[in-house]
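To start, the structure itself, in structure tokens.
The values are calculated or read from the model by the stated rules, or taken from the named source; none is laboratory data. The shown structure was predicted, so the numbers you read here are calculated from the model rather than taken from an experiment. We place every Cβ from the backbone using ideal geometry, glycine too, and count neighbours over all the protein chains shown.
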Amino acid sequence: MKAVLTIIIILLTFSSQAQRIKDLTDVAGVRSNQLIGYGLVVGLPGTGEQSPFTEQSFKTMLSNFGITMPEKLKPKIKNVAAVAVHAELSAFTKSGQTIDVTVSSMGSAQSLRGGTLLQTMLIGLDGNAYAVAQGSLVVSGLGAGGLDGSKVIVNTPTVGRISNGATVEREIKSPFSLGDHITFNLHKSDFTTAKRLSDVINDLISGSARAIDATSVEVTAPRDINDRVSFLAVLENLEFEPASPAAKIIVNSRTGTIVIGSEVKLLAAAITHGGITVTINESKNVSQPGAFAEGETVVTNESSVNVTQEDARMFVFEPGVTLDTLVRAINEVGAGPGDVMAILEALDQAGAIRGELIVI
């Protein structure tokens, strides 16, 4: 049986439909913050760990409750695991609200299934505690082992989540209400898109917006916080047409995936690679009306691509061939992903591709 190597080819097409400002931008200063903590998970059915730092953490926890253990006594705590706890504190989250937390084993614990996280402080980058986490873990992973050392592991049993497992104790101040401006930051930097964004806002309120660079558009906003919220609610729902993306070809050398942007252009070229021969021809035709017909003479472009292999198979394409069609043709004659990548790299070096070739 002949093995056939396949390659995924995706043609990125740019939609001319307008999109909302809120779908293409973020508001400067309105962001989430990462929190992290160290704690203990207890109640494990013998799947915990017995390590020096786990024992130390266990003794420290007991000492907080006024219980002192002899230094020479080494407790067997296979039902306890040291864990790292992390969470995302979204913008404008208030004290008393709850957030989800993720709990991950830091040592040699076999599984966190059935465990309970004890009270754990979640610290921000500035060293302050912003939330307190505690609760029973939900673990989707499963692990089982035999006496001969064989193991079966499904998903990841050493990571779990606690929905609404942390209570926020401290708010993070946001600069949203400060100053005379709000700034929209584009998800993807582009000078044309930034200009169009400022134009659509100025169409609503003349002279209120200006593009600072390819990413940011600054907008004059009311100082009153209620008016500012209403003002932003109107702006973020305005629709405009972002610029067409840059011409790029993305090649994943590990998976054989090729993504071709709609703006990529291909010039005339002839390629021979191993047993494959690819020829690209472009010609011009003159179309003119009859002797007594109305109209005018025009020049049209006509393109054709021929692909041949050692067995003399040939593929002929209609005029207007794109790079996407070329890659599909090479793939149809049995070429592997490596052959297609080599041809694309050679075309790029020859200057026959109008676009950026990126290999990841």
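Every residue, every condition in (1) under 21 Å from Ala246 (Cα atoms); (2) free of Cβ contacts under 8 Å to residues at least 60 places away in the same chain; (3) in the same structural domain as Thr116 (by TED's automatic domain parsing); (4) touching a strand residue (DSSP E or B) at 6+ places or on another chain (Cβ under 8 Å), yes or no:
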residue	(1), (2), (3), (4)
Lys173	no, yes, no, no
His187	yes, no, no, yes
Thr192	yes, yes, no, no
Leu204	no, yes, no, no
Arg210	no, yes, no, yes
Asp213	yes, yes, no, no
Ala221	no, yes, no, yes
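State which residue is surrounded by the most Cβ atoms within 10 Å (Cβ to Cβ) when the search covers only segment 159-183 and only residues that are assigned to a loop (DSSP other than H, G, I, E, B) and not small (Gly, Ala, Ser).
Ile172
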- Query: Counting only residues that are modelled with pLDDT of 75 or more and not aliphatic (A, V, I, L, M), which one in segment 69-91 is farthest from Phe176 (Cα to Cα)?
  - Reply: Lys78
- Task: Kindly establish whether Ala87 is surrounded by 16 or more Cβ atoms within 10 Å (Cβ to Cβ), assigned by TED's automatic domain parsing to the domain that holds Val159 and within 18 Å of Glu171 (Cβ to Cβ).
- Result: yes
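Can you go through Met61, Met69, Met121 and tell me which one is more than 36 Å from the chain's Cα centre (by Cα) and either in the same structural domain as Glu236 (by TED's automatic domain parsing) or within 23 Å of Val168 (Cα to Cα) (or both)?
Exactly one of Met61, Met69, Met121 is more than 36 Å from the chain's Cα centre (by Cα) and either in the same structural domain as Glu236 (by TED's automatic domain parsing) or within 23 Å of Val168 (Cα to Cα) (or both), namely Met61.
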- Task: Any chance you could count how many residues in segment 223-253 are in contact (Cβ under 8 Å) with a residue 12 or more places away in the chain and part of a loop (DSSP other than H, G, I, E, B)?
- Result: 12
- Query: What do you reckon, is Val132 outside any loop (DSSP other than H, G, I, E, B), modelled with pLDDT of 90 or more, closer than 22 Å to Gly46 by Cα and not small (Gly, Ala, Ser)?
  - Reply: no
- Counted residues, segment 17-42 - those being farther than 25 Å from Lys173 by Cα, loosely packed, with under 15 Cβ neighbours inside 10 Å and touching a Ser or Thr at 6+ places or on another chain (Cβ under 6 Å): 0
